[in-house]
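Written out below as structure tokens is the structure these notes cover.
Read the figures in this text as sums done on the coordinates, not as results from a lab. Because the structure is predicted, anything quoted here is derived from the model rather than measured. Using ideal geometry, Cβ is built from the backbone for each residue, glycine included, and neighbour counts are taken over all protein chains shown.
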Amino acid sequence: MTRLSILGLSFLGLCAALLPASVAAQTIPVPLADTLETRQVAVVVTPGVRSMGQVPSARLRDLRRRMHQGVDLPVSALKELADLGDGLAAQRYARKLLDRPGASASDIAYYAAVAVGTGRVWTLPDMIKAMRSLDPATEPRTRVRKYISVLYGHAWGGNSLALDAVEEFNGEGRLFGALTDTTRERMIAQSGENGGGRLELKLALALLEDGAATGGMTDPQRDETRRLLEQAARADSLAARVTAENLLALMEAQYGVN
């Protein structure tokens, strides 16, 4: 099930819990998707190898020259160049790993991150998919720092896929650890700049669901939920705006706030 489907089901479940069925049926959201344009925003986080002068030996320079000429290098050669920080080699090496049964998810994620960090954003989906298989307890911290650097760099640059991943991997027991207030506020601000509204809706839904489960929301929870929904109601996405407006109406019906 997709994350967007889960968002829709969460909304429907919340409506069913708080509102009569006749009202809930009118507030089912349209699936919320980001745009291809915002998913392909590329940011150069680490320039990597940009010239032959950065390659330390004649043998490696020859391999790099052949790679740029379109030669299909051996996997071991691609890895050598990728370990120097060559983004093209890292991208090709990650793709070789993806085609290899039983390849390490950590290696796929790391070398994809090297590629994405040099601006090869079309490798970002492979990076994120591999990261979902990583164990927070055993993944090397040097690699985790690389993932953070690449994802945050792209997220703060306006890439909506990276922003979703920053939210996904932050939290207790998750790969990036506990979400800090600073990161949370940066995520919300960036989502507002992107204009998608999905992150605000997800965070608001979590607060509303918590209120439904505990028998009511605290004043700070209501204020924060309203802040998130009001930002989502200004999104570029019609689906996000309609969903936010419906949730604000739900809060008015349940808590007497708007």
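The set of residues from the range 94-129 being assigned to a helix (DSSP H, G or I) and hydroxyl-bearing (S, T, Y) comprises S106, Y110, Y111, T123.
Kindly indicate whether E252 is under 24 Å from the mean Cα position of the chain (by Cα) and either closer than 22 Å to E37 by Cβ or of a type in the set (D, E, K, R) (or both).
When the stated conditions are applied, E252 does not pass them.
The set of residues in the range 52-83 being surrounded by 14 or more Cβ atoms within 10 Å (Cβ to Cβ) and farther than 18 Å from T123 by Cβ consists of Q54, V55, L60, R61, L63, R64, A77, E80.
Summed over the range 84-117, residues that are among the hydroxyl-bearing types (S, T, Y), in contact (Cβ under 8 Å) with a residue 24 or more places away in the chain and either in contact with a strand residue (DSSP E or B) (Cβ under 7 Å, 6 or more places away or on another chain) or surrounded by fewer than 24 Cβ atoms within 10 Å (Cβ to Cβ) (or both) total 1.
Can you name the residue in the range 134-155 that is β-branched (V, I, T) and part of a helix (DSSP H, G or I) and is also farthest from I188 (Cα to Cα) among such residues?
Just the residues of the range 134-155 that are β-branched (V, I, T), to begin with: 138, 142, 144, 148, 150.
This time we only want the ones that are part of a helix (DSSP H, G or I), so: 142, 144, 148, 150.
Values: T142: 27, V144: 23, I148: 17, V150: 19 Å.
Here the residue is T142.
G256 meets the stated requirement of being out of contact with any strand residue (DSSP E or B) (no Cβ under 6 Å at 6 or more places or on another chain), without any contact (Cβ under 8 Å) to a residue 24 or more places away in the chain and surrounded by fewer than 18 Cβ atoms within 10 Å (Cβ to Cβ). For the condition among the polar types (S, T, N, Q) and in contact with a helix residue (DSSP H, G or I) (Cβ under 6 Å, 6 or more places away or on another chain), T183 does not qualify. Within the range 222-236, identify whether any single residue is part of a loop (DSSP other than H, G, I, E, B) and aliphatic (A, V, I, L, M), and answer yes or no. Yes, the range 222-236 contains a residue that is part of a loop (DSSP other than H, G, I, E, B) and aliphatic (A, V, I, L, M).
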